[in-house]
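Remarks on the structure that follows.
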Amino acid sequence: GAGVSQTPSNKVTEKGKYVELRCDPISGHTALYWYRQSLGQGPEFLIYFQGTGAADDSGLPNDRFFAVRPEGSVSTLKIQRTERGDSAVYLCASSLRRGPYEQYFGPGTRLTVT
Amino acid sequence: ELKVEQNPLFLSMQEGKNYTIYCNYSTTSDRLYWYRQDPGKSLESLFVLLSNGAVKQEGRLMASLDTKARLSTLHITAAVHDLSATYFCAVDTYSGGGADGLTFGKGTHLIIQP
């Protein structure tokens, strides 16, 4: 595709529910990143994939958060037992590969936990 | 813990004026990125600075990097209303053993008034 795409664009869920957020990176980009942006803040790094493997998940806040990239392209961020504090915009970015390459960001998924 | 500090956080200026946004960071890095974000939108890459002394210019914006001072600047020349947005700097510390993701500042919310 022309750019990074994310679905859904908006997700409203009740506290305690499970949600999945999808990211489709730029074709040919092997590096994929997830970030979370709270209102009025800069994005915070969550997890990085090189190919199919999660090379760095140091930013995941707790074990309710999990992400996969089974075929090295599309990635899914999964949040179990959602809490109101999980409400934020979840951004996905991709780059050609790890290294001094700019990251291209998707439009984000706005998650609201009620 | 890596800290990335931007100042000012809020800036209101008149069209035609010049101004500089500063980005200080607390650890060794030779990779710094500037992004622009419009309200409700995702991040747009502006500049990638990869070495000490790097300077890049695009239109009315110019960015520079001083790795010894751990400082980057984004200079706006003869501001126009279309440049109103939030500007983020982000530091990449992977080469120094840091996390794979970027660490962002809080952003500078720039309003340019006619």
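The values are calculated or read from the model by the stated rules, or taken from the named source; none is laboratory data. Bear in mind the structure is a predicted one, so any value in this text is a computation, not a measurement. Note: ideal-geometry Cβ built from the backbone for every residue, glycine included; neighbour counts use all protein chains shown. Just the protein is used for accessible areas: all its heavy atoms, side chains included, with ligands, DNA and RNA removed. Shrake-Rupley method; radii C 1.70, N 1.55, O 1.52, S 1.80 Å.
So what's the convex hull volume per residue for the Cα atoms of the range B:1-103, in Å³?
Working: hull volume 10.3 nm³, N = 103.
It comes to 100 Å³ per residue, whole-number rounded.
Using the Karplus curve 6.51 cos²θ - 1.76 cosθ + 1.60 with θ = phi - 60°, work out ³J(HN,Hα) for each residue of the range B:69-80 in order, rounded to whole Hz, and write x for Gly and Pro.
Karplus values, whole Hz, x for Gly and Pro: 8, 6, 9, 10, 10, 10, 9, 10, 10, 6, 3, 10.
How well do other chains shield peptide A:97-103, expressed as the mean number of their Cβ atoms within 10 Å of each residue Cβ?
Averaged over the peptide's residues, the number is 5.
For the protein assembly as shown, what mean projected area does the convex hull of the alpha carbons give, in nm²?
Mean shadow area of the hull around the Cα atoms is 12.2 nm².
Got a number for the accessible area of A:His29? Probe 1.4 Å, square angstrom, nearest 10.
About 30 Å², ignoring ligands and nucleic acids.
From the mean inverse distance of alpha carbon pairs (Kirkwood) and the Cα radius of gyration, derive Rg over Rh for chain A. Intermediate values should be presented prior to the final figure.
Values: Rg = 13.2 Å, Rh = 13.9 Å.
Rounded to two decimals, Rg/Rh equals 0.95.
Can you give me the % of accessible surface on the range B:1-85 that is carbon or sulfur? Probe 1.4 Å, all protein chains present, nothing else counted.
Carbon and sulfur atoms account for 47 percent of the accessible area of the range B:1-85.
Please sort by residue number the trypsin sites (Lys or Arg not before Pro) in the range B:1-88 whose DSSP state is loop and whose Cβ has at most 12 other Cβ atoms within 10 Å.
The qualifying sites are B:Lys3, B:Lys17, B:Lys68.
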